[in-house]
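Heads up, the thing below is written out as structure tokens.
The values are calculated or read from the model by the stated rules, or taken from the named source; none is laboratory data. Model, not experiment: these values are computed from the prediction. Positions of Cβ are backbone-derived with ideal geometry, glycine not excepted, and every protein chain shown enters the neighbour counts. Just so you know, the surface numbers come from the protein's heavy atoms only, side chains and all, with ligands and any DNA or RNA stripped out. Shrake-Rupley method; radii C 1.70, N 1.55, O 1.52, S 1.80 Å.
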Amino acid sequence: MALLQISEPGMSPAPHQHKLAVGIDLGTTNSLVATVRSGMSTVLHDEHGHALLPSVVRYLENEIVVGHAAQAAQSQDPVNTIVSVKRFMGRALNDITDRAHIPYHFVENASSEGILELKTRAGLKSPVEISADILKALKIRAEKALGGELTGVVVTVPAYFDDAQRQATKDAARLAGLNVLRLLNEPTAAAVAYGLDNASEGVYVIYDLGGGTFDISILRLSKGIFEVLATNGDSALGGDDFDHRIYCWVLDQVRSKTADFKPLTEADTRLLLTKSRQAKEWLTDNHEANILCKLSNGALVDETLTVQQFVSLTENLVSKTLSPTRKAMRDAGLSMEDINGVVLVGGATRMPHIRHAVQAFFKQEPLTNLDPDKVVALGAAIQANVLVGNRSEEDLLLLDVTPLSLGLETMGGLVEKVIPRNSTLPIARAQDFTTYKDGQTAMAIHVVQGERELVADCRSLARFELRGIPPMAAGAARIRVTFQVDADGLLSVTAREQTSGVESNITVKPSYGLSEDQITTMLKDSFGAAESDKAARMLREATVDAQRLIEAIQAALAENGATLLAQDERDTIQAHLEALHTLCQGTDSQAIKHGTEALNHATENFAAKRMDASVQKALAGKNLDSLEL
Amino acid sequence: MQNYFALFQLPQQFNIELAVLDSNYRKLLAEVHPDKFVNASSAERMQSMQKATLANEAYQILKQPTSRARYLLQLAGIETEEENNTAMPADFLMAQMEWREAIDDAKFAKDIAALDALLIDMRAQANILQQQVAEEITQAPTQAAMTVRKLRFIDKVSEDVNQLIAQLED
């Protein structure tokens with residue numbers, strides 16, 4: 001194991017050093033990885049020069065194939081070759097309504113109700129595991145290209161992803177062994193790449209139609225601040241649905257011509273879906289597309305689809321994107337004249353009738369000067385580079401919002417909204433509840449996400465129970481439930497009975513997600529069987545954490561330790577620093593963890609003082625200005 | 001408890017310069033946002049989360065006139081009692097009923113333009129009440145509490161109209 005270099009306590013930290021950070025666009029159809037090299041955000045290619053990695057995973061007996069090779073095998077091995085797995089992330093079996101048209105063997109997880117798994121020849125695979133396999137392939141690509149281990153990654157998610165889908169994505173990244181710096185909304189990432197590239201200021205709309213998701217985000221760009229004013233979308237609408245319309249049309253044609261039409265095999269379904277996708281892409285530059293193939297029962301498919309037919313087949317899909325767009329405009333309180341530009345993102349926006357619809361809606365020609373397939377990854381790389389600390393300029397700040405309202409179930413199956421959609425992150429809100437029966441000692445809390453009034457129409461995120469409420473008359477207890485949504489858009493909930501102080505704290509693990517234990521087990525399994533490997537890995541992780549903290553504290557002390565702390569406070573922190581430094585030379589990972597916690601604890605007051613000092617500093621400029629007046 | 005006006009270095013009064021609020025909010029978030037503390041100690045990350053959350057909350061409250069007025073009254077020790085005090089002057093109630101009827105008519109006729117016109121109408125009414133509350137807060141706080149309740153009423157109706165428009169547009 002390589003020894004970590006730690007500078008002597010009290011000495012200034014090591015000189016600035018470039019850390020390896022990447023942005024990953026984990027797409028429905030294709031995935032990409034990008035990084036910032038000599039100030040430029042660039043997509044990393046594989047050894048064949050491909051930028052796009054098809055988000056396709058094929059499971060063989062003892063091998064996992066990801067990307068082009070897997071994609072090539074999808075018709076011959078449909079059951080074990082998973083495409084568009086993103087559509088299943090954070091979803092329950094019941095959410096997948098078009099299962100009949102998807103050639104996989106869906107099963108429900110034996111131990112957790114609702115959790116969806118796919119039966120492959122390599123065993124049962126959850127969407128999180130399949131996504132992790134795509135992420136691992138990108139990790140390998142990036143580490144090969146950059147020549148070292150990644151310090152951190154930014155992974156993008158559709159802005160309209162709910163908590164369950166976000167959590168699933170983060171779990172997948174952890175499973176792939178990635179250090180996730182931030183989950184970033186795809187349209188926001190696109191805005192960063194676009195805005196910085198064009199030095200834009202003003203209000204911009206990002207219209208992002210990917211393979212399986214649709215997002216609309218309205219942002220105000222001003223001096224490096226990207227402020228999301230409103231976001232909306234549909235996390236189950238994308239280019240795949242356009243393919244599917246063609247597929248259904250072809251089936252209808254064939255059925256009407258064949259007297260004795262036999263049901264399609266899984267391979268036929270995959271073949272026709274692939275032909276449909278190719279026809280869609282062909283129609284971007286041509287007036288008609290020919291769909292020609294032979295089904296396994298010998299029937300010949302030979303159909304010609306014109307642009308006009310395609311447009312009318314998919315007209316209502318296009319209008320399904322305009323309804324969220326209108327809602328976002330309303331939520332932002334803007335009219336068409338306020339919009340400085342409309343940026344198209346996602347491969348599906350190549351379809352001419354999408355472009356026309358967007359242009360007609362906003363009464364201006366959309367901007368397409370960045371590759372709609374790459375712009376999200378490019379933006380994510382820029383953010384990763386800033387977060388990891390490679391860019392010292394303090395000139396990029398992303399203020400994102402919650403896409404969906406968060407609420408609690410109240411009497412009668414109604415939702416009490418606690419955090420409205422489009423609230424800027426991070427945000428916390430508290431809501432007081434009371435008991436409805438005399439002597440009631442427990443209370444069930446049901447957290448939901450969505451805009452509808454009835455619990456049944458919203459997505460259930462979590463249920464938990466607050467116990468030990470002291471018996472009181474009905475209505476006397478005061479239960480304060482606090483929702484906190486962090487910068488990743490992930491929720492945690494705390495409930496506290498005010499008169500007794502009984503507290504219940506949960507990080508919302510969505511009903512359809514993996515439990516912390518499951519993740520830990522999977523991670524341990526993937527570390528390899530040897531006990532010594534696990535121990536080495538744990539030591540390494542503990543040392544990396546400790547190292548990171550030591551660096552942070554040293555930098556903080558160097559910056560304003562002398563001005564903010566008394567000598568004895570500095571001495572205490574210094575003692576903890578040195579103790580941890582010594583521990584890091586040893587091999588006791590548990591002791592290093594404790595030392596890290598102790599140092600963290602010893603610096604809480606310092607952290608608070610630093611934060612106040614920086615707040616003072618931030619607003620000091622304004623005081624000077626007013627003095628000058 | 002941090003005073004929200006002091007947080008953004010604004011005078012504690014109803015009429016504030018929104019441009020100053022905006023710019024100080026951004027300056028503040030640029031310092032305390034969790035993105036600036038990804039590599040910091042967990043103590044600092046916790047601080048950053050709390051401060052950024054506070055800044056967002058304070059900004060929302062000061063940005064919206066109704067919540068700004070309510071907050072000013074709270075600072076003066078006056079609760080606006082919007083949940084349990086629903087007594088309203090007769091003329092205000094009449095105006096409300098007329099709005100509700102107009103909304104129902106527009107809903108039936110699926111007339112989005114009429115709903116948009118109603119929103120403009122309500123905004124004008126709210127503007128008058130906002131000017132009124134600015135004076136009442138210092139001179140007649142109890143009156144101001146009533147005006148906040150009226151503003152809340154209008155906010156709610158506007159919200160309903162917006163939802164209705166969204167439904168009709170679908």
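Scanning region A:471-505 for residues that are away from every other protein chain (no Cβ under 14 Å), out of contact with any Leu (no Cβ under 9 Å at 6 or more places or on another chain) and among the polar types (S, T, N, Q) yields a count of 4. Exactly one residue out of B:Ala52, B:Ala102 is open to solvent by 20 Å² or more (accessible area, probe 1.4 Å) and not charged (D, E, K, R), and it is B:Ala102. Do the conditions hold for B:Tyr71, that is, is it in contact (Cβ under 8 Å) with a residue 40 or more places away in the chain, crowded, with 16+ Cβ neighbours inside 10 Å, within 11 Å of another protein chain (Cβ to nearest Cβ) and within 19 Å of the chain's Cα centre (by Cα)? Judged against the criteria, B:Tyr71 is not a match.
Flag: B:Arg123 does not match the condition of being surrounded by fewer than 16 Cβ atoms within 10 Å (Cβ to Cβ), basic (Lys, Arg), over 17 Å from the mean Cα position of the chain (by Cα) and outside the structural domain of B:Tyr25 (by TED's automatic domain parsing). Pairs please, first residue from region A:137-154 and within 14 Å of another protein chain (Cβ to nearest Cβ), second anywhere and buried (at least 20 other Cβ atoms within 10 Å of the Cβ) and of a type in the set (S, T, N, Q), Cβ atoms under 8 Å, 6+ apart in sequence or on different chains. As it stands, the answer is A:Val154/A:Gln383, since those pairs meet every condition given.
Does A:Pro54 count as in contact with a His (Cβ under 9 Å, 6 or more places away or on another chain) and not basic (Lys, Arg)? For A:Pro54, the condition - in contact with a His (Cβ under 9 Å, 6 or more places away or on another chain) and not basic (Lys, Arg) - is met.
Evaluate region A:78-91: report whether one residue or more is over 20 Å from A:Lys136 (Cβ atoms) and assigned to a loop (DSSP other than H, G, I, E, B). Checked region A:78-91: at least one residue is over 20 Å from A:Lys136 (Cβ atoms) and assigned to a loop (DSSP other than H, G, I, E, B). Residues in region B:12-30 that are of a type in the set (A, V, I, L, M) and within 10 Å of chain A (Cβ to nearest Cβ) were compared, and the one that is surrounded by the fewest Cβ atoms within 10 Å (Cβ to Cβ) is B:Val20.
Number of residues in region A:539-564 that are closer than 16 Å to A:Glu597 by Cα, surrounded by fewer than 21 Cβ atoms within 10 Å (Cβ to Cβ) and either more than 9 Å from chain B (Cβ to nearest Cβ) or of a type in the set (Gly, Ala, Ser) (or both) equals 5. Restricting attention to region B:126-170, the residues that are free of Cβ contacts under 8 Å to residues at least 24 places away in the same chain, within 14 Å of chain A (Cβ to nearest Cβ) and open to solvent by 30 Å² or more (accessible area, probe 1.4 Å) total 5. The residues in region A:91-102 that are closer than 20 Å to A:Asn30 by Cβ and open to solvent by less than 10 Å² (accessible area, probe 1.4 Å) can be counted, and the count is 0.
Go through region A:334-362 and report how many residues are in contact (Cβ under 8 Å) with a residue 12 or more places away in the chain, open to solvent by 40 Å² or more (accessible area, probe 1.4 Å) and in a loop (DSSP other than H, G, I, E, B). Counting residues in region A:334-362 that are in contact (Cβ under 8 Å) with a residue 12 or more places away in the chain, open to solvent by 40 Å² or more (accessible area, probe 1.4 Å) and in a loop (DSSP other than H, G, I, E, B) gives 2. Name every residue in region A:45-69 that is buried (at least 20 other Cβ atoms within 10 Å of the Cβ) and either within 30 Å of A:Ala193 (Cα to Cα) or of a type in the set (Asp, Glu) (or both), in order of residue number. Residues satisfying the conditions are A:Leu52, A:Leu53, A:Pro54, A:Ser55, A:Val56, A:Val57, A:Val66, A:Gly67.
Scan region B:90-105 for residues that are in contact with a helix residue (DSSP H, G or I) (Cβ under 8 Å, 6 or more places away or on another chain) and without any contact (Cβ under 8 Å) to a residue 40 or more places away in the chain and jot them down. If the condition is that a residue be in contact with a helix residue (DSSP H, G or I) (Cβ under 8 Å, 6 or more places away or on another chain) and without any contact (Cβ under 8 Å) to a residue 40 or more places away in the chain, then B:Ala95, B:Ala102, B:Asp105 are the ones that fit. Out of region A:467-486, which residues are touching a Pro at 6+ places or on another chain (Cβ under 9 Å), part of a loop (DSSP other than H, G, I, E, B) and open to solvent by 20 Å² or more (accessible area, probe 1.4 Å)? Listed by number, the list holds a single entry, A:Asp486. The number of residues in region A:430-455 being out of contact with any Pro (no Cβ under 9 Å at 6 or more places or on another chain) and either within 11 Å of chain B (Cβ to nearest Cβ) or open to solvent by 50 Å² or more (accessible area, probe 1.4 Å) (or both) comes to 10. Any residue at all in region A:121-129 that's touching a residue at least 24 places away in the same chain (Cβ under 8 Å), buried (at least 21 other Cβ atoms within 10 Å of the Cβ), of a type in the set (A, V, I, L, M) and outside any loop (DSSP other than H, G, I, E, B)? Yes.
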